[in-house]
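One structure is given below, encoded as structure tokens.
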Amino acid sequence: MKIFRTQLCGQPRPDHIGQTISLNGWVNSYRDHGNLIFIDLRDRSGLTQLVFDPEDGSQKHLMEVADKLRNEDVIGVTGKIRARIGGENTKLATGKIELVVTELELLNKTENPPFLPDDFGQLPNEEVRLRYRYLDLRRPSMQKILSIRSKALQTVREYFVGKNDFLEVETPILYKSTPEGAREFLVPCRNMPGQFYALPQSPQLFKQILMVANTDRYMQICRCFRDEDPRADRQPEFTQIDLEMSFVRRDHIMTMMEGFVRHFWKTMLNYDVPPITRMSYRDAMENYGIDRPDTRYDLKIKDISTLAAATDFGVFKTALEKGAGRPAFNSKRGVVKAIRVPGGAEKLTRKITDGYSEFVKPFGVGGVATVKYIKDPATGEAKFDTGCAKFLEPHKAAFVAGLGLEIGDTVLFIADAYAVATKAIGELRARLARDTGVLPKPGAEGGPWNFIIVIDFPMFERNKETGKWVAMHHPFTAPRDDQVDAFVNANEGDDDALEAIVSAGYDIVLNGSEIAGGSVRIHDGRVQSKVFSLLGLSPEQARDKFSFLLEALSFGAPPHAGIAFGFDRLIMHICGTDNIRDVIAFPKTQIGQDLMTRAPSLVPEKQLKDLCIASTYVPDAPAAASPQKA
Ligand code: ASP
């Protein structure tokens, strides 16, 4: 290599006119005009137009070499900057100038690439992009995401380490299982045959132990691993901003995190986040049917059980009989929930509302009842029409007042046990937002940004499949301060009492997506043991798995609390993309494959033997002979 750049391709400006400079980069595009050859040269910073002009110093032999250059060849050039003769290209930061080449060095010739990393051209499908990720990442828009991500990492450290005295501590990757809900990736240990490490779902226990160890304020930008079922917006490994603080209660940590959100959005997007509203889990579920409500649009849900009880509508009646006598908000108690859709009488056709009944079935409810509130063309009077109109008409005044109805509205009802009806109507609300166009279009910087902190979650819920109690956040989450006694005294068989215990957990929600979750932790070994027991761990099992934690809690654990932000998700919001793979340099596909390196892969039998592992995998087709046998 002889030509070393004196600038980056995105840097030359009219100030440089007349100067001789050198650039290195990739041939982004190529145009031969007979007497002139134009090349756009690209590097991470942008593009500069090169021109080979024999009348302005480009010698003949250069023209011959330039003539053979093709897209993605790697070159170095030296030459003089001049004002662009063909007129300014307003799309480029360097659009006012061009570089007349007087020296050219071919640094590497490119094979015909499978696609050109051109943001304006036709991109191949995502599989091809992932297979040739290095070409895909060459695109300026992908480089921009990488640089946003890098700036974000710096911003995180600036706030926590720089401004707030957190200590960045690395915790192990080879670790032991923690029950945070997901399946774990296991790593066999060659020196201890038959034994396995687990990759961390999160550094949860280490960060709590660090608090016992007097670290006071911990942060780590860490990789977490969860072997969960494939989903479009999930990756088996992802990045978290993991945090823990000692001698704090819920409000202290929420204030610290709110400060972070504000600092992050200001630094990244120059956006001033207004004070963040706290919303209880109960209010979130009541008004939005979900614990991470999207408050960018209204469409609030109403519990109309009392109104519904007065009607003769069988669907309402049957639902309201469920769980009779149980306390309000109990998961099994029957309720009727409604959403008023302004202007729905016109927007929502019969076909659409019929479709909603199908839509909600997977959530366990039989269907959606509907009614329109319109002006009777004959009498000019307001009336209920279609669907369950005849059951509601006798109670019109009460329904109109209770739901705040206006002519032209449609109301959708779901009637079932509290937990089922709430979830189903929450899903329906999100669907309605899409169908009726009330979701705001992102503005210039991706906003509007609606942040909420959701608090007062239940401690436990019953797992739908197994029927066993599970911790709603994780088993290390403490009851809210005023709930400790109720929890300690609760009888393990008393479902209604246990369901009502409120935890000291909190989530930060942005536009309907959870960007962070955490809790005040249990720092009292007895409370921790009771949680383990409720979750079905015998004292022996609890000791076997967590003796280190229980021991640590008994040796002077300070009150502590923590949280983790999903870093990839933050970057998605900042970049305005809904594809998690776009914000990760080397992501995996939905089923967890790395298409570029072809991981995961079979391994030679010898390697398995060394690990005392016998694979029971049998390839389906004879053609796919296992390399293990090779
Ligand atoms: N360990 C939790 C998680 O990964 C976060 C926390 O409670 O701090 O979701």
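The values are calculated or read from the model by the stated rules, or taken from the named source; none is laboratory data. Not measured: the values here are computed from a predicted model. Neighbour counts are summed over all protein chains in view; Cβ atoms, including those assigned to glycine, are modelled from backbone coordinates with ideal geometry.
Structural remarks
- Boolean, Phe487 is within 16 Å of the ligand (Cβ to nearest atom), in contact (Cβ under 8 Å) with a residue 40 or more places away in the chain, among the aromatic types (Phe, Trp, Tyr) and touching a helix residue (DSSP H, G or I) at 6+ places or on another chain (Cβ under 9 Å): no
- Some residue of the range 415-437 being at pLDDT below 90, in contact with a helix residue (DSSP H, G or I) (Cβ under 9 Å, 6 or more places away or on another chain), more than 16 Å from the ligand (Cβ to nearest atom) and of a type outside the set (S, T, N, Q): yes
- Contact map, the range 69-91: first residue within 11 Å of Gln49 (Cβ to Cβ) and of a type in the set (A, V, I, L, M), second residue in a loop (DSSP other than H, G, I, E, B) and modelled with pLDDT of 95 or more, Cβ cut-off under 8 Å, separation 6 or more or different chains; pairs are Ile81/Pro12; Ile81/Ile17; Ile81/Gly18; Ile81/Gln19.
- Considered as a group, the residues in the range 557-584 that are part of a helix (DSSP H, G or I) and either within 16 Å of the ligand (Cβ to nearest atom) or free of Cβ contacts under 8 Å to residues at least 12 places away in the same chain (or both) include one that is nearest to Arg521 (Cα to Cα), and that residue is Phe567.
- Among the residues of the range 26-49, not a single one is touching a residue at least 40 places away in the same chain (Cβ under 8 Å) and either farther than 26 Å from Met142 by Cβ or among the acidic types (Asp, Glu) (or both).
- As for the range 530-539, it holds no residue that is among the charged types (D, E, K, R) and under 30 Å from Gln154 (Cβ atoms).
- Boolean, Tyr132 is hydroxyl-bearing (Ser, Thr, Tyr) and in contact with a strand residue (DSSP E or B) (Cβ under 6 Å, 6 or more places away or on another chain): no
- Residue count, the range 218-245 (criterion: within 14 Å of the ligand (Cβ to nearest atom), of a type in the set (Lys, Arg) and surrounded by fewer than 19 Cβ atoms within 10 Å (Cβ to Cβ)): 2
- Qualifying residues in the range 446-467 (those that are of a type in the set (Phe, Trp, Tyr) and buried (at least 21 other Cβ atoms within 10 Å of the Cβ)) - the one farthest from the ligand (Cβ to nearest atom): Phe460
- Screening Lys351 on (1) surrounded by fewer than 16 Cβ atoms within 10 Å (Cβ to Cβ); (2) of a type in the set (D, E, K, R); (3) modelled with pLDDT of 95 or more shows it passes everything except condition (3).
- Of the residues screened, Thr318 is not one that is out of contact with any helix residue (DSSP H, G or I) (no Cβ under 6 Å at 6 or more places or on another chain), without any contact (Cβ under 8 Å) to a residue 12 or more places away in the chain and of a type outside the set (A, V, I, L, M).
- Remark: Val470 matches the filter, which requires a residue to be modelled with pLDDT under 95, among the aliphatic types (A, V, I, L, M) and within 16 Å of the ligand (Cβ to nearest atom).
- Failed item, numbered, when Asp251 is tested on (1) away from the ligand (no atom under 16 Å from the Cβ); (2) crowded, with 16+ Cβ neighbours inside 10 Å: (2)
- Number of residues in the range 401-423 that are part of a helix (DSSP H, G or I) and closer than 13 Å to Lys302 by Cβ equals 5.
- Condition check for Ala319: modelled with pLDDT under 95, among the hydrophobic types (A, V, I, L, M, F, W, C) and either in a strand (DSSP E or B) or over 30 Å from Gln201 (Cβ atoms) (or both): no
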